[in-house]
1. Subtract the Cα-Cα distance of residue 455 and residue 34 from 0.36 nm times their separation in residues, and report this length gain in nm to one decimal.
2. Name the shape class, rounded, prolate or oblate, that the alpha-carbon gyration tensor gives for the stretch 268-358, where a ≥ b ≥ c are the square roots of its eigenvalues, rounded holds for a/c under 1.5, and otherwise prolate holds if a/b is larger than b/c and oblate otherwise.
3. Hey, can you rank 455-465, 196-206, 273-283, 90-100 by average C-beta count inside 10 Å, highest first?
4. Going by average Cβ neighbours within 10 Å, how do the peptides 104-112, 53-61, 303-311 rank, with the highest at the top?
5. Would you mind calculating the gained length between residue 5 and residue 483 on full extension (0.36 nm times residue separation, minus the Cα-Cα distance), in nm to one decimal?
6. Ranked highest first by the average count of other Cβ atoms within 10 Å around their residues, in what order do 29-40, 382-393 fall?
7. Under 1.5 on a/c is rounded, so check that first for the stretch 424-467, then, if it is not, pick prolate when a/b is larger than b/c and oblate when it is not; a ≥ b ≥ c are the square roots of the alpha carbon gyration tensor eigenvalues.
8. Quick check: Cα centre of the stretch 280-337 to Cα centre of the stretch 72-101, how many Å?
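Since every read-out is calculated from the coordinates, none of them should be taken as a lab result. Treat the numbers as computed from the prediction; the structure is a model and nothing was measured. Here the Cβ is made from the backbone with ideal geometry for all residues, glycine too, and neighbour counts use every protein chain on show.
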Amino acid sequence: MPDWYTMGVVALVIIAVVLAIVRFRINPVIALAVGAAGIGLLTGLGPVDTVKTMTTGFGEVMMDAGLLIAWGVLIGAMLNEMGAITRLVDTLLRTFGPKGIPYALGLSFATYLQTIFIDVMIVMAAPLARRIAPRLGKAGTGIIAATFAISLETGIVLMVPGFAAVALAGLLGVPLGIMMLGGFAIVVPTVILAIIVMTVLFRAGFWNPARDEEETIQDEPAEQEPALVRASASEDGVELDSTRTGTLRTAIGGTPNRHSSGAAAVEAHEPPLLLLFGPMLSALALIAAQAVLTVMGIENPVMQFLGDPVIALLLAVIATGLVGRAAVGIKRIEKALVKGFQDGGQIFVLTGIGGSLAAVIAKGDLGEVLKGYFQATTWAPILVVWVMAALLHIAVGSVTLSAITAAGIIAPAAASLGLNPLIIALAAGAGALFCIHVTSNTFWLLKLFLGQSVRGALKTVTVGVSVASVIALGMTLILSVFVH
């Protein structure tokens, strides 16, 4: 088929998928599935091969990423149930002080805390963040809100164990350990530089407390610690309100029943914070160590087994469960696991259907078509995938969906160009961060829980994360010079 026809079909189908999600509020999973089928039929793949390719693509991605996403979801659910997040934020504040806390929080949220879902992290850490903000000056609320937005969104798509990063690695065939090392190399400088940029802007007058802040619905009288979440009458705890279908969300666990940041008597009986996070940190260390050995060409059977992400994270699930049983009891850990499985369902299906779309596109001749346009420089596909992910995110409002879709479209050309799939994954993740706005669940959560007006949230979330997106693109381009 002519090049213009193939590219036109893919472009029109993607536009139709975006309209279906945004205009008609069709679930992204259904819209992507119909889009994948449409591309297969319209490009001559045929009914039988279209269905076969979709199911094969779904299965291949889930084979690579399914268990890893499941383990991450379960670890996050149990850590949340044990109140680990609020305790960590409080500890970081005491350790690093007001000036260092944005960077300590940002790097924590963007790296090893990515097993926790974004909305849960915001709800759990927001009360302590509101205590920190006044100690950072008149622009404190803006600085803290930008820190939350930049680190949480950047980590979820660029840093393992963030579920979008895991999905991208599975979709593009990137070993998870390599994805973690590459993501770490991008995330750390991106988060630090983006926070510095926004801090300088806010302190130079870009933040106006009178217009950019407002009272939050969570505020309590001064003599009390702010409530983490409004209590529910049911014994099942608190549920977050659902939002647009274009953004993944969760309601894992609600408020840990035992947690009270001002209750020293309770804290005295709680297990050490390092013990709670120890299993997850150990798993990440094993994965990273095996990735380094692989790069060095060293084969060690024991490390190959223990450092395999499936085994390392499974051991972390088991160990976190044992710690949780001792800390909060068997019933609460079982409840957290059930909740984790429930909330992980949409992630599994969206990840798999992203694989279906990529497989259908790869089955056609789009890869050869794109290769002809990108031969001038290896930077061209990196820029194209970043722009594609950015445009999809602006339209749809889902960081994960836009990253997976953009990576799936460009993936067929990556191998023929000799471009490392890791770079494509990082470029797609970076582009998906651009211009997070009112279609995003994160935007409204940060507005409500951190005491911002809509105008303030546009500065901290939309501008702040867009700055991180551009910085991440620059870091990815630099990394592409060294990774082949």
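1. That pair, residue 455 and residue 34, stretches by 147.9 nm at full extension.
2. On the way: a/c = 2.95, a/b = 1.18, b/c = 2.49.
Note, shape of the stretch 268-358 comes out oblate.
3. 455-465, 273-283, 196-206, 90-100
4. In descending order of packing, they fall as 104-112, 53-61, 303-311.
5. Working: separation 478, 0.36 × 478 = 172.08 nm, distance 3.37 nm.
Taking residue 5 through residue 483 to full extension adds about 168.7 nm, to one decimal.
6. Averaged packing, sorted descending, gives the order 382-393, 29-40.
7. Numbers: a/c = 3.06, a/b = 2.30, b/c = 1.33.
Verdict is prolate for the stretch 424-467.
8. 19
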